[in-house]
1. Per residue of the range 499-514, in order, report the coupling 6.51 cos²θ - 1.76 cosθ + 1.60 (Karplus, θ = phi - 60°) as ³J(HN,Hα) in whole Hz, putting x for Gly and Pro.
2. Arrange the peptides 212-219, 95-102, 472-479 so that the one whose residues have, on average, the most other Cβ atoms within 10 Å appears first.
3. In the P(r) worked out for the range 314-451, what percent of Cα pairs fall beyond 18 Å?
4. How far apart, in nanometres, would the label points at GLN129 and GLN194 be if each is projected 7 angstrom from Cα along the Cα-to-Cβ direction?
5. For the chain, just run the numbers: alpha carbon Rg, then divide by 2.2 N^0.38 Å, N being how many residues it has.
6. Probe radius 1.4 Å, ligands and nucleic acids left out: which of SER193, SER156 has the largest accessible area, and how do the rest follow?
7. Could you list the square roots of 5 times each eigenvalue of the Cα gyration tensor of the range 77-214, that is, the equivalent ellipsoid semi-axes, sorted largest first and rounded to whole Å?
8. Over the range 348-435, what is the mean sequence separation of C-alpha contacts under 8 Å (at least six apart), divided by residue count, expressed as relative contact order in percent?
Amino acid sequence: MPSLLYALPTEVLTRVLSFLPRIDLESCKLVNCDVRNIINNSALLRYIIAADLAGVEDNPHSNLSISEKYTTLVQRELSWRRFQPDFVQSINVDYPMSGIYDFTNGVYFAAASNRPRLHYLELPTVSSQTPIMWSHIQVDTHCHTIIDMAIAIYESDLITIITSSPDPSLDAMFRLELNFRSFRTGNIHPLASQPTILIELTSRPNPSASVEIVGDFVALAMTHYDDENEPDDQVSVWNWKTGALLIRVNASFGTHPSVMFLTEDILLVPNTVEEVFEFWRISSSLEDRVSLINIIALPTLIYGMLIFGIGCRGEPTPPGLRSSLNFDRPFRTSSQQAIIIFHMYIHSFLVPDSRFNLTLVVHRHSLVDLINKHPPLLSSEGHIQQPVPWESWGPSLARWFVSNETSTRWITRSAGQRFASISSTAARHPCPITIYDFNPHNVAKMKSYLEHNPNPNMFYVDGEEELEDEGGIFKDPVRSALPYCGTRSEGTHEYNAVLMDEERLLGIKTGSFYEALSIDVMHFG
């Protein structure tokens, strides 16, 4: 049998091997020298292995050859690990901006501060002396204020913009609306049957909003932090193509400050009152549009401590059920391999002006596996009796960081399995940028490298640690063990914030209202 196998042309053997998962290809290398040489000498098989290790998915429509894709990927991974961007370019901010922004897929968006206009930059992939020019999308000619936005460029060429504007017929009332625009044209999106959807008519014009798009669904969480009457939070989901409202759930003030898609049909909804993460399954069915499928607990806070807010981000978002991604990059970071970062803001109602910031990191696929493999305990009526305890899931799957001294207001700090961090005082006291990497293969590689090449700007942590709870936040000691490694920049920087996508970092200097004043682009490949 082996002789018959080797009688096949190398091209045929390579094609057969290309259907194997990466771990099986690694096993095949152990068969004998002939098979190992076939794998090591094949650009296709080396690329398949490298792509799986890096947590990226191939773009079969890319114009690059397999060899070029492999070289690009290897160089990109090396640049991130060494913190060596291939170029840095500065961008002028020529318009008065608000603090409303987004950054994804190589495009930086910022809402204008004085008009209903959304400015954006398509960021470079190669070094150029040509200035990067701002473009804009005009939202409306009426007195609209942009509240927030969500972007799905690769999947739907869609920008969803939340606006607030005075109602023309009712005094002191405002229309909160969803607006669906095509990114490429700036016009109303052709697939949206209702280009504008009324969220609500309200006397409260400036909610805090969290919005995400996946496939046909757009999800929105709203909290009115600036209203002393503490109105209910609201979580809503629409089919943006049909305009149908699928879900509207009201909860007490501050309960659901954010929302994100765990998969194409599962919402992750933080619940700050119960100190848990809820998982809601979304359906377009008229009979059962939402169901609570699981709840997992966070570590228990001591009496007097409250979670004031949670921001969450996992980039890239998962694709929709019937979506096809349209992008020109040779590969794209896997959404299932990506980390989710949660910024938690905790304060004490017993101690005025006390505030503690924490960051929690966990892989998206870990949460998907958790809710699938650990069904909740149900009552006889079918209700979830209790959440999965933190001790049963958290220590092995997650990692906590104290982030009191870290710039956390800007949530777009992660891409794939990496996230970027800089001190909140860096604008006054310049300091390095740190890149954290939660790819287990990169952690192992960093550990092996540092054993023979000590470097003060590189590090790894692969054991369990206890959170430094100097503020006495939690009832019991909190441990976490998700491995990570990292690299600090050799030089120091004066940025107020550092943003990240899968190719680059943005160093942002901001004004007193968090508006961007200048932007530096650091491209890694």
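The values are calculated or read from the model by the stated rules, or taken from the named source; none is laboratory data. In this text the structure is predicted, and so the values were computed from the model without any measurement. Quick reminder, even Gly has a Cβ in these numbers, built from the backbone with ideal geometry, and neighbours come from all protein chains shown. Remember, those area values only see protein heavy atoms, side chains included, never the ligands or the DNA or RNA. Shrake-Rupley method; radii C 1.70, N 1.55, O 1.52, S 1.80 Å.
1. Using θ = phi - 60°, the values come out as 10, 8, 10, 6, 10, 8, 10, 10, x, 10, 9, 10, x, 5, 10, 6 Hz.
2. Values: 212-219: 23.1, 95-102: 18.6, 472-479: 15.6.
The packing order, highest mean first, is 212-219, 95-102, 472-479.
3. When every Cα pair of the range 314-451 is considered, 69 percent fall beyond 18 Å.
4. Result: 5.4 nm between the two label points.
5. Normalised by 2.2 N^0.38 Å, the Cα Rg of the chain equals 1.01.
6. So the residues, ranked largest to smallest area, are SER193, SER156.
7. Numbers: eigenvalues 202, 52, 39 Å².
The three semi-axes for the range 77-214 are 32, 16, 14 Å.
8. Result for the range 348-435 is 26 percent.
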